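The values are calculated or read from the model by the stated rules, or taken from the named source; none is laboratory data. These numbers were taken from a predicted model, which means no experiment stands behind them. Using ideal geometry, Cβ is built from the backbone for each residue, glycine included, and neighbour counts are taken over all protein chains shown. SASA here: full protein model, heavy atoms, side chains in, ligands and nucleic acids out. Shrake-Rupley method; radii C 1.70, N 1.55, O 1.52, S 1.80 Å.
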Amino acid sequence: MLGHHLRGKRILLIVSGGIAAYKSLDLVRRLRERNAAVRCVMTQSAEEFVTPLSLQALSEDKVYRALFSLTDESEMGHINLSRQADLVVIAPATANILAKMAGGIADDLATTLLLATDKDVLAAPAMNVRMWNHAATQANLATLKSRGVRFIGPNEGDMACGEYGPGRMAEPLEVVAAIEAYFGTDAPLAGRRALVTSGPTYEAIDPVRFIGNRSSGKQGHALAAALASAGAETTLVSGPTAEPAPAGVSVVRIESARQMLEACQAALPVDIAICAAAVADWRVASEAPQKLKKQEGGAPPSLSFAENPDILATLSHLNEGRPRLVIGFAAETENVVENAVAKRARKGCDWMLANDVSAGTGAFGGDANTMHLITPDGVEDWPRLTKRQIADRLAAQIAAHFRSLPA
Ligand code: C5P
């Protein structure tokens, strides 16, 4: 089946300039079919063979081009490009780019990125047979292999230049297979289904006004991305946020708490449910069907509230189809662990992640947080981590939990 093993994986694809660059178009398609996120970087000579527009359309992402542009650098520095990838793939890799890599030359975006990255690199060489057999190329290859660069191909066969021999770029599906092998076909949460809530809810006062909160959705979105990266088929039910949809995740956008509950129920059955949304406790009791008008000299309207459903408690108390692992969040300003332990019992969830959100901790809207994981086995204090690191750590712990359960 397509779709499982590369779900949510982030591939940074460098396309260098060879006739085989046409195969990179199909490679992007094959990777997208498997739910990988693909971001392309082209060398200047690659643009002689394929257009940035084709790669952009197929990858559904911006294409980064040979020369540095100040806008690109400020939006997405070359370091960030590789930081946001799980694997760097060079396809096709010309003799020239391999030589530059071996020599540590960084004279355009692609080679600078290759010198700066701390991610693994997989190269699919493509070149004329004599260039491939040349002592210089073979020496560069040996150097790169000794530094841990992985290779797929080249294959032997008829070449575009009319010669025969090794030098043809591996076929796109062979490159895909090498990428799948790199990530391991048994991703830790493969075959599991997960549901994550994220962001705030908006509770309408009338058709144009609402009551909301400051949740950024950063933690919830990071959790969905981490679960998908670990192989889980993930649904993210999110209130209004500025966060982009994570790769390989199905996103259901809602506004109110009641819509969030409905969307969560529609996503069942799942193995894992994580409630990271900041759900409004109350909604306006009777939403006005028309915009409320200011009356000259009149009194301001008074609002009365009704209680919203508690999504975490509802999922935790399902008699039928309860997720096997329900995880909640507790944002506290004092007695953090004590209050969270009590909240875990009250809500009926299995695990609770607790954090201190008092002023100055930067938990709200920030990128990092200090968490305590409360499980039936006790309390684990985590160091200060970024929200993505928290998400990856939780995903790893969830995977370990499922491994420990009887099949
Ligand atoms: O009760 P409190 O809002 O502090 O609980 C926080 C936890 O409960 C979070 O996991 C939050 O997503 C969840 N919650 C919910 N539905 C609500 C209120 C909170 O799922 N209506």
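Does segment 163-210 hold any residues that are polar (S, T, N, Q) and either assigned to a strand (DSSP E or B) or surrounded by 15 or more Cβ atoms within 10 Å (Cβ to Cβ) (or both), and which are they? Lay out the reasoning, then the answer.
Restricting attention to segment 163-210, the residues satisfying the condition of being polar (S, T, N, Q) are 185, 197-198, 201.
Across segment 163-210, the qualifying residues are 197, 198, 201.
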Exercise for review: Select, from 24, 59, 82, the only residue that is under 19 Å from residue 167 (Cβ atoms) and not assigned by TED's automatic domain parsing to the domain that holds residue 229.
Suggested key: 24
Check your understanding: Among the residues of segment 336-364 satisfying the criterion of being in a loop (DSSP other than H, G, I, E, B) and at pLDDT below 95, which is least open to solvent (accessible area, probe 1.4 Å)?
Key -> 363
Practice item. Search segment 50-90 for residues being open to solvent by 40 Å² or more (accessible area, probe 1.4 Å), aliphatic (A, V, I, L, M) and at pLDDT below 95, and hand back the single one that is nearest to the chain's Cα centre (by Cα). Key: 79
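When you scan segment 282-332, how many residues do you find that are surrounded by 13 or more Cβ atoms within 10 Å (Cβ to Cβ), within 16 Å of the ligand (Cβ to nearest atom) and not acidic (Asp, Glu)?
Restricting attention to segment 282-332, the residues satisfying the condition of being surrounded by 13 or more Cβ atoms within 10 Å (Cβ to Cβ) are 282-284, 287-288, 292, 303, 305, 308-318, 322-332.
Checking which are within 16 Å of the ligand (Cβ to nearest atom) leaves us with 282-284, 305, 308-318, 322-323, 325-332.
Still in the list and also not acidic (Asp, Glu): 282-284, 305, 308-309, 311-318, 322-323, 325-331.
Count: 23.
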**Study point:** Subset tally (residues that are part of a strand (DSSP E or B) and among the hydrophobic types (A, V, I, L, M, F, W, C)) for segment 378-407
**Key:** 3
Review point. Restricting segment 263-281 to residues that are part of a helix (DSSP H, G or I) and surrounded by fewer than 24 Cβ atoms within 10 Å (Cβ to Cβ), which is farthest from the ligand (Cβ to nearest atom)?
Key: 266
Check your understanding: Is it the case that segment 310-333 has a residue that's farther than 24 Å from residue 193 by Cα and either assigned to a helix (DSSP H, G or I) or at pLDDT 95 or above (or both)?
Key -> no
